[in-house]
Amino acid sequence: MKTSIIFIFSLLLCGVVFGQLDSSKVISGRLQCLNGWPLAGQIVVLTDTLSGQKIEQNLDSSGVFLFQNVPIGRTYQLSLKNEFPEIDTLRAISVLDLVKISHHILGIRSLDIAAQIAADLNESFGVTTFDLVVLTQFLQGKRSAIGIKKSLILLNGTTAYSHNIIPNFSSSLWGLHFVYVIKGDVDGSGCP
């Protein structure tokens, strides 16, 4: 009896020790425009928010990134090393964006989460008629600028990570979508 208890205890202890050896996982995904086009030629940076340690990964031609051996139990932020070029607002924002926002507000066709972030011009955490009015005024020339901002949004299914931060990383993340969004450009036509 004593031998079997010692054997079981040693198995449990080995499980804990060897379980700690596998303390790293994978973060993988794709950098793309709102319209789904891949953004190649960029460098994605994974930063440990506590230590400041950075890991860089070049994107392949389809915009895919893969960070291997990422230690668990830490908080990471995903970002780009280089800035995107200036936005051509006349190419980026069109009547089609206005129509898509209208359809979303009227409940005809919902926008996905990244498009909703692009449509939320006043950053009220929702798409409202005010966003529609601002965009209409811009397209009519009554407003010279709408404060166009470029941003990157990290999505995991329908979950958006605040400030592209992955809190308390504990298991591998596959298939993340790192989406390049231009405020007002709901159809993604302004993608570089």
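The values are calculated or read from the model by the stated rules, or taken from the named source; none is laboratory data. All figures in this text were calculated on a predicted structure; none of them were measured in a lab. Positions of Cβ are backbone-derived with ideal geometry, glycine not excepted, and every protein chain shown enters the neighbour counts.
For the reader, a short list of remarks on this structure follows.
- THR47 vs. criteria among the β-branched types (Val, Ile, Thr), in contact (Cβ under 8 Å) with a residue 12 or more places away in the chain and in contact with a strand residue (DSSP E or B) (Cβ under 6 Å, 6 or more places away or on another chain): yes
- Region 46-71, residues that are surrounded by 18 or more Cβ atoms within 10 Å (Cβ to Cβ) and assigned to a strand (DSSP E or B): LEU46, THR47, GLN57, PHE65, PHE67, VAL70
- Selection over region 115-137 of residues that are farther than 13 Å from VAL181 by Cα and small (Gly, Ala, Ser) gives a count of 2.
- Output for region 89-124, where each listed residue is in a helix (DSSP H, G or I), under 21 Å from LEU152 (Cα atoms) and aliphatic (A, V, I, L, M): LEU90, ALA92, ILE101, ILE113, ALA114, ALA115, ILE117, ALA118, ALA119
- Count of region 45-92 residues which are modelled with pLDDT under 90, under 18 Å from PHE178 (Cα atoms) and of a type in the set (Val, Ile, Thr): 0
- Residue check for GLY29: surrounded by 17 or more Cβ atoms within 10 Å (Cβ to Cβ) and out of contact with any Ser or Thr (no Cβ under 9 Å at 6 or more places or on another chain): yes
- Test for ILE27: is it within 19 Å of VAL179 (Cα to Cα) and either basic (Lys, Arg) or modelled with pLDDT under 85 (or both): no
- Taken over region 134-153, the criterion of being farther than 17 Å from GLU123 by Cβ and either touching a strand residue (DSSP E or B) at 6+ places or on another chain (Cβ under 8 Å) or modelled with pLDDT under 75 (or both) is satisfied by SER144 alone.
- Where a residue in region 83-110 is over 16 Å from ASP131 (Cβ atoms) and its partner, wherever it lies, is at pLDDT below 85 and basic (Lys, Arg), with Cβ under 7 Å and at least six apart: PHE84/LYS150; ILE87/LYS150
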